[in-house]
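Just below is one structure, and these are the notes that go with it.
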Amino acid sequence: MKIMFSAGEASGDTHGASVAKALKELDPTVDMLGMGGTLMEEAGVRIVYDIKNLGVIGLVEIIKSLPKFFKLRSYLKDIMLKEKPDVLVCIDYPGFNMKLAAVAHELGIPVLYYIAPTIWAWHSSRGKTIKKYVTKVASIFPFEAEAYRKYHCDVDFVGHPLLDIVQPTMSIEDAMTYFKARPEAKRVLLMPGSRKQEILSLLDVMLESGEQLLHSHEDVQFFLPRAHTIDRSELEAFIEERNVTVTITEDHTYDLMQICDLCLAASGTATLETALMELPTILLYKVSPITYGIAKLVVNIPNVGLPNIVANKEVIPELLQGDVSAENIVNVALPLLDDLKENQNMRDELRRVKAKLGEPGAVKRVAQLIYDLGKESVDE
């Protein structure tokens, strides 16, 4: 059986790698290839296109990159014609993957969509497109599955994969030692995103807020887990411009989360990861004014952050667009660093978010759906 993946950014690479490992457990002979990153490659996927320089966000940025995306889609079509996969697995990245799903459909290749387009938040008309081109939707939220059923899509609610992935591997004591964390220090995690554009928008203001926090606290340690889609030198260039010491880490991010007091995070999967680790988080979101203006017109939910969407209320603070400033970040951060009760209250709320995401085992359930779909394709 041959399975092709299409993942367009770091989070998709993480999810793709987990599914690839589960598929290998189901059938060690399965042949896997596709677009992805280093984690998928380590999991046994032949990478035909590396996503390292692919990630862009926002309407304006995407328009500028359209020629690259057209060329990439044509390239992946040629790969499908040559390799003849039994299934195409699309992971997130809807602007590109929905077009690629249409290509696979035209070629007679079954498509499974995992981390599907958020039709419950905006662009609900995509439900019709999914119905037309996607064979099976593996849904990660119960309310998402219901939204797809309204469009008569073949959808299974599998649960959220982060419940399988977000697990510490060390004790708190071992993690403190591993990261050279000082017990007396306030420990702040910086997660500016996995795309270069996010780094450009958010890292400097995070570092500036770090400088200000050091004015009010004698001992603060800052940690920055490097996304594998970002070169270390790019992060170091920003840090060198600011009067703040930051430890760039390369692994054991969930162990690091469990010893931190606060996280400053770009909007996205990272905020759900910190929620599952019950780490108080401040969400930051900043895109071009045109992109944000259009989003305000079409998005039909009140919150940006995934923990807030799941909770149906604001559990973690959201600083959006012009509100993303060092002063605002510090004003929100100080109570969470200085007031143990305030910090614990958010942790309790995040624990309730985790409880709403279903049971572990999503990754194995998705792998089984893919395998069954591939088997049907092979038997035809």
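Numbers at a glance
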read-out	value
Test: residue in the range 78-85 that is under 12 Å from Ala7 (Cα atoms) and either of a type in the set (D, E, K, R) or in a loop (DSSP other than H, G, I, E, B) (or both)	no
Looking only at the range 224-247, and only at residues there that are more than 19 Å from Asp13 (Cβ to Cβ) and in contact with a helix residue (DSSP H, G or I) (Cβ under 6 Å, 6 or more places away or on another chain), the one that is surrounded by the most Cβ atoms within 10 Å (Cβ to Cβ)	Val246
Matching residues in the range 40-55 - criterion: being in contact with a helix residue (DSSP H, G or I) (Cβ under 6 Å, 6 or more places away or on another chain) and at pLDDT below 95	none
The range 156-176, residues that are β-branched (Val, Ile, Thr) and within 15 Å of Tyr114 (Cβ to Cβ)	Val158, Ile165
Long-range neighbours under 6 Å by Cβ, at least six apart or interchain, first residue farther than 13 Å from Phe141 by Cβ and in contact (Cβ under 8 Å) with a residue 40 or more places away in the chain within the range 341-358, second in a helix (DSSP H, G or I) and of a type in the set (Gly, Ala, Ser)	Leu350/Ala275
Residue within the range 210-224 that is part of a loop (DSSP other than H, G, I, E, B) and either of a type in the set (A, V, I, L, M) or in contact (Cβ under 8 Å) with a residue 60 or more places away in the chain (or both) present	yes
Out of Gly34, Gly12, Gly16, sole residue that is within 15 Å of Asn97 (Cβ to Cβ), in a helix (DSSP H, G or I) and modelled with pLDDT of 95 or more	Gly16
Members of the range 231-276 found to be of a type in the set (A, V, I, L, M) and either assigned to a helix (DSSP H, G or I) or without any contact (Cβ under 8 Å) to a residue 24 or more places away in the chain (or both), listed by number	Leu235, Ala237, Ile239, Leu256, Met257, Ala270, Leu272, Ala275, Leu276
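Residues are listed down the side, and each one gets a yes or a no for (1) more than 30 Å from Ala145 (Cβ to Cβ); (2) modelled with pLDDT of 95 or more; (3) in contact with a strand residue (DSSP E or B) (Cβ under 9 Å, 6 or more places away or on another chain):
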position: Lys286; (1), (2), (3): yes, no, yes
position: Lys296; (1), (2), (3): no, no, no
position: Ile309; (1), (2), (3): no, no, no
position: Asn331; (1), (2), (3): yes, yes, no
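Residues checked against (1) under 30 Å from Leu26 (Cα atoms); (2) of a type in the set (A, V, I, L, M); (3) surrounded by 15 or more Cβ atoms within 10 Å (Cβ to Cβ):
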{"position": "Leu334", "(1), (2), (3)": "no, yes, yes"}
{"position": "Asp339", "(1), (2), (3)": "no, no, no"}
{"position": "Gln344", "(1), (2), (3)": "no, no, no"}
{"position": "Val353", "(1), (2), (3)": "no, yes, yes"}
{"position": "Ala362", "(1), (2), (3)": "yes, yes, yes"}
{"position": "Val378", "(1), (2), (3)": "yes, yes, no"}
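The values are calculated or read from the model by the stated rules, or taken from the named source; none is laboratory data. None of the values given here were measured: they were computed from a predicted structure. No Cβ is skipped: glycine too gets one built from the backbone with ideal geometry, and neighbour counts run over all protein chains shown.
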